[in-house]
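What follows is a short report on a single structure.
The values are calculated or read from the model by the stated rules, or taken from the named source; none is laboratory data. Quick caveat: nothing in here was measured; it's all calculated off a predicted structure. Here the Cβ positions follow ideal geometry from the backbone for every residue, glycine too, while neighbour counts run over all protein chains shown. Ligands, DNA and RNA are excluded from the accessible area calculation, which covers all protein heavy atoms including side chains. Shrake-Rupley method; radii C 1.70, N 1.55, O 1.52, S 1.80 Å.
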Amino acid sequence: MPHPARVLAALVTALALSACMPMPEKPAVTTTHAADASAPDTDPWRWLEDIHGDKALTWVREQNAITAKAYADTPEFERTRKAILEVLDSDAKIPYISKIGDRFYNLWKDAAHPLGLWRRTTLAEYRKAEPAWETVLDIDALARDEGEKWVWQGAHCLKPEYRRCLLLLSPGGGDAKVVREFDLVDKAFVKDGFVLPAAKTEIAWVDANHVFVGTDFGPGSMTRSSYPRLAKLWTRGTPLASATLVYEGRDDDLGVGATRDLTPGYEREFVTRVIDFFTSETFLRKADGTLVKLEVPLDARVAAHREWLLVELRSDWTTGGRTWPAGSLLATRFDAFMAGQRDFGALFTPAATTSLASWTWTRHHLVLNILDDVVSRQEVLTPRAGAWQRTPLAGAPPLSTVEVDGIDADADDSYFMIVTGYLTPTTLSWGTIGAGPAETLKAMPAFFDASREEVHQYFVTSKDGTRVPYFEISPRDVDLPLDGSRHPTLLYGYGGFEVSLRPAYSGSVGRAWLERGGVYVVANIRGGGEYGPRWHQAALKANRLRAYEDFAAVAEDLIARGVTRRAHLGALGGSNGGLLTGNMLTLYPQLFGAIVSEVPLLDMQRYTHLSAGASWIAEYGDPDKPEEWAWIRTFSPYQNVRPGMDYPPVLFYTATSDDRVGPVQARKMAAKMQAMGYENVWFYENTEGGHGGAADNRQSAEMHAMAYTFLWDQLTGTRR
């Protein structure tokens with residue numbers, strides 16, 4: 001999916017979430033979790049769970065050939081693929097940057113560098129239309145030299161010198177990655193530096209000669225969820241086996257990690273025990289290695305910054321003689337809190353239509369990114385005695401998204417501002433709080449003609465009376481007769497893990513769908529974070545069907561308003577969104593003319609025993625507990641699919657190297673439906689790409705082109 005997930009902030013390393021399923025920021029093993037040996041083996045498609053087995057891969061190759069012939073061996077597919085690839089490889093797209101030391105770094109991918117160039121420049125150069133870039137690491141050249149298709153996963157650089165970095169490189173694009181120490185001055189890997197083999201490793205600098213590390217140390221070192229159970233302190237020049245234990249979690253925890261805040265004058269060490277995806281314990285590690293727990297609710301997000309402690313609540317909390325509502329952001333002085341004081345002030349409290357999307361620090365200010373009915377606004381807060389000073393930051397165009405991010409909170413009050421909308425090409429600006437309007441540095445070109453399109457936000461009443469918003473991007477009213485007869489309509493959703501779907505410009509969607517006359521709709525269903533924790537919690541576990549009722553309500557509203565009808569209405573989702581569309585297939589087939597389910601969860605009886613599935617028990621429940629399976633089975637497409645139903649055509653797309661959800665659930669669902677006699681069931685599995693389904697721009701273009709080609713053909717009657 002194109003939208004990043006909001007991952008668990010208590011975990012210690014910020015990962016780009018990409019593709020679909022939120023990933024807890026912890027390491028994990030690289031193989032499928034062992035199956036429950038006590039479970040009866042009554043599934044005739046269980047052999048497809050052997051991810052790299054010859055029999056399973058032979059089946060995959062046969063299915064790929066059938067699907068590729070039907071949907072990738074056509075002029076329309078090739079046109080769509082090229083149109084999307086031109087967007088992804090365009091030299092005109094914004095080269096987003098981050099500050100490391102006194103320079104700005106960017107990972108750049110294009111046709112000549114499909115795996116990427118890690119490069120840097122100065123702010124003065126970046127302001128130019130054609131900046132001069134210095135290559136730091138050519139990942140394509142590294143891949144050729146080493147015979148491994150490295151996929152960039154990020155870098156952790158040691159401040160304040162910012163010379164040494166720990167690079168994270170994934171073989172093939174999965175979550176497992178190698179760690180290799182790199183020198184930014186020499187632009188070379190450090191001989192005898194910190195190096196770790198491929199695993200879902202968590203690592204953080206302590207100082208130039210020490211790191212905190214959680215990785216696969218051997219049997220028993222990983223949790224059931226396949227993330228690190230042990231956090232250790234590793235000294236340069238010593239074998240990993242000699243690393244000293246910092247903290248040991250439980251097997252049924254999600255994972256543990258340790259980090260050091262290197263802010264000058266505020267150096268502190270923290271250990272986090274992540275119990276499940278939404279609950280955790282955070283400890284301050286003292287100089288003697290003892291741990292002091294931060295006494296906040298288990299489901300709260302906590303963050304220390306200089307003298308401040310921020311607590312974001314997922315549930316109501318009574319402390320210091322007051323009760324603070326879920327969704328609030330509270331602040332107090334860190335040292336006073338650790339001494340037992342509970343004198344909090346509220347920096348944000350939610351209203352009926354508002355939620356806190358994120359926050360960011362500059363040197364002297366805190367900026368809040370707020371959603372109001374899924375539309376952005378910002379506030380600047382300045383610490384003052386008593387209540388913090390509060391002022392608005394310049395807003396954005398209607399029905400758009402604005403994201404402000406502090407650039408260097410140790411240095412100054414500068415920030416980046418990204419403004420984007422469904423029909424508004426993204427801009428990147430630089431500003432300084434208190435210094436006037438932000439300066440536009442880069443602007444994305446218009447990759448498609450939006451002159452005949454417009455954006456509307458609508459609200460629909462779901463089955464239980466809940467008001468649910470959705471965005472519709474469509475031809476202007478004069479070009480959209482509301483008789484449901486002309487325009488293929490694609491409904492997209494996610495609905496999980498408190499991830500918010502906000503307006504964003506996509507040249508790929510514009511070229512592949514809107515320019516052809518299609519209508520594109522994004523549903524802000526429960527399970528997401530559009531209205532804060534309450535919106536997410538409303539669709540947790542036994543309430544999961546609420547998310548699917550919301551999505552179906554949007555589909556019904558599109559039909560009732562005459563925007564489309566069943567034959568022309570498609571659904572698309574990935575990962576948790578693939579589970580969503582899988583449930584549209586089995587629970588609401590009467591609403592859709594075609595469905596695409598990408599890198600999906602589908603077998604909810606087995607999901608906790610496949611890849612990193614045990615990570616998500618807090619979201620869905622534990623199917624190994626009979627009382628929970630009783631309601632999980634109501635939203636498990638693999639168990640609910642039946643023969644003889646009027647199911648719409650469906651395409652399952654997955655990746656062999658996906659070590660988060662894994663490919664086997666999509667495999668089994670397709671095989672089961674085909675065995676039931678459904679002819680319009682299609683399957684495709686990319687060998688690389690991890691949970692994103694694609695390892696580079698070429699693969700990404702092919703993946704999206706196949707999905708859009710399938711949907712367009714089915715919804716326009718080109719192929720029946």
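A few points about this structure:
- When 245, 298, 284 are checked against the criterion of being open to solvent by 60 Å² or more (accessible area, probe 1.4 Å), part of a strand (DSSP E or B) and either modelled with pLDDT of 95 or more or over 23 Å from residue 497 (Cα atoms) (or both), 245 stands alone in meeting it.
- Residue 399 vs. criteria at pLDDT 95 or above and among the hydrophobic types (A, V, I, L, M, F, W, C): no
- Matching residues in region 482-508 - criterion: being outside any strand (DSSP E or B) and either open to solvent by less than 10 Å² (accessible area, probe 1.4 Å) or free of Cβ contacts under 8 Å to residues at least 12 places away in the same chain (or both): 484, 488, 493, 494, 495, 496, 497, 498, 499, 501, 503, 507
- Test: residue in region 521-529 that is open to solvent by 10 Å² or more (accessible area, probe 1.4 Å) and either of a type in the set (Ser, Thr, Tyr) or free of Cβ contacts under 8 Å to residues at least 60 places away in the same chain (or both): no
- Residue 626, sole failed condition from (1) surrounded by fewer than 22 Cβ atoms within 10 Å (Cβ to Cβ); (2) within 30 Å of residue 473 (Cα to Cα): (2)
- Any chance residue 204 is loosely packed, with under 14 Cβ neighbours inside 10 Å and not in a loop (DSSP other than H, G, I, E, B): no
- Subset of region 382-402 (residues that are exposed (fewer than 13 other Cβ atoms within 10 Å of the Cβ) and among the hydrophobic types (A, V, I, L, M, F, W, C)): 385, 387
- Each residue in region 629-659 was checked for being under 18 Å from residue 44 (Cβ atoms), part of a helix (DSSP H, G or I) and open to solvent by 30 Å² or more (accessible area, probe 1.4 Å), and 2 pass.
- The set of residues from region 45-74 being closer than 22 Å to residue 174 by Cα and of a type in the set (Val, Ile, Thr) comprises 51, 58, 60.
- Within region 248-281, tally of residues that are hydrophobic (A, V, I, L, M, F, W, C) and either open to solvent by 10 Å² or more (accessible area, probe 1.4 Å) or closer than 30 Å to residue 191 by Cβ (or both): 5
- Filter result (part of a loop (DSSP other than H, G, I, E, B) and either aliphatic (A, V, I, L, M) or at pLDDT 85 or above (or both)) within region 679-697: 679, 680, 694, 695
- Any chance residue 468 is out of contact with any Phe, Trp or Tyr (no Cβ under 6 Å at 6 or more places or on another chain), part of a strand (DSSP E or B), open to solvent by less than 50 Å² (accessible area, probe 1.4 Å) and within 27 Å of residue 621 (Cα to Cα): yes
- If only residues of region 392-402 that are in contact (Cβ under 8 Å) with a residue 60 or more places away in the chain and in a loop (DSSP other than H, G, I, E, B) are counted, the one that is nearest to the chain's Cα centre (by Cα) is 400.
- Search result, residues across region 601-615 that are open to solvent by less than 10 Å² (accessible area, probe 1.4 Å) and either β-branched (Val, Ile, Thr) or at pLDDT 95 or above (or both): 601, 602, 603, 604, 607, 608
- Members of region 362-381 found to be open to solvent by 10 Å² or more (accessible area, probe 1.4 Å) and either closer than 20 Å to residue 437 by Cβ or in contact (Cβ under 8 Å) with a residue 60 or more places away in the chain (or both), listed by number: 363, 364, 365, 373, 375, 376, 377, 379
- Of 323, 332, 290, 319, all but one fail to be open to solvent by 60 Å² or more (accessible area, probe 1.4 Å), farther than 30 Å from residue 216 by Cβ and modelled with pLDDT of 95 or more; the exception is 323.
- Residue that is of a type in the set (Gly, Ala, Ser), under 16 Å from residue 45 (Cα atoms) and out of contact with any helix residue (DSSP H, G or I) (no Cβ under 9 Å at 6 or more places or on another chain), where the choices are 577, 662, 677: 677
So that you can scan it fast, the table gives a plain yes or no per residue for (1) under 22 Å from the mean Cα position of the chain (by Cα); (2) over 30 Å from residue 381 (Cα atoms); (3) open to solvent by 50 Å² or more (accessible area, probe 1.4 Å); (4) in contact (Cβ under 8 Å) with a residue 24 or more places away in the chain:
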{"position": "404", "(1), (2), (3), (4)": "yes, no, no, yes"}
{"position": "415", "(1), (2), (3), (4)": "no, no, no, yes"}
{"position": "421", "(1), (2), (3), (4)": "yes, no, no, yes"}
{"position": "452", "(1), (2), (3), (4)": "no, yes, yes, yes"}
{"position": "474", "(1), (2), (3), (4)": "no, yes, no, yes"}
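- Of the criteria (1) under 21 Å from residue 216 (Cα atoms); (2) of a type in the set (Ser, Thr, Tyr); (3) open to solvent by 40 Å² or more (accessible area, probe 1.4 Å), which one residue 170 fails: (3)
- All positions within region 608-621 that are outside any helix (DSSP H, G or I) and small (Gly, Ala, Ser): 611, 612, 621
This table checks each residue for (1) touching a Ser or Thr at 6+ places or on another chain (Cβ under 8 Å); (2) in contact (Cβ under 8 Å) with a residue 24 or more places away in the chain; (3) under 30 Å from residue 424 (Cα atoms).
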position	(1), (2), (3)
45	no, yes, no
62	no, no, no
68	no, yes, no
77	yes, yes, yes
90	no, yes, yes
94	yes, yes, yes
99	no, yes, yes
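- Among the residues of region 328-355, those identified as farther than 14 Å from residue 390 by Cβ and of a type in the set (A, V, I, L, M) are 330, 336, 338, 339, 351, 352.
- Residue 540 in contact with a strand residue (DSSP E or B) (Cβ under 8 Å, 6 or more places away or on another chain) and modelled with pLDDT of 95 or more: no
- The residues of region 212-229 that are touching a strand residue (DSSP E or B) at 6+ places or on another chain (Cβ under 9 Å), open to solvent by 20 Å² or more (accessible area, probe 1.4 Å) and free of Cβ contacts under 8 Å to residues at least 60 places away in the same chain, listed by number, are 217, 220, 229.
- Any hit, region 551-563, residues being open to solvent by less than 10 Å² (accessible area, probe 1.4 Å) and within 23 Å of the chain's Cα centre (by Cα): yes
- Pair list, Cβ under 6 Å, 6 or more apart: region 615-641 residue at positive phi, other residue open to solvent by less than 40 Å² (accessible area, probe 1.4 Å): 621/628; 621/632
- Check on residue 240, under 28 Å from residue 533 (Cα atoms) and either more than 25 Å from the chain's Cα centre (by Cα) or small (Gly, Ala, Ser) (or both): no
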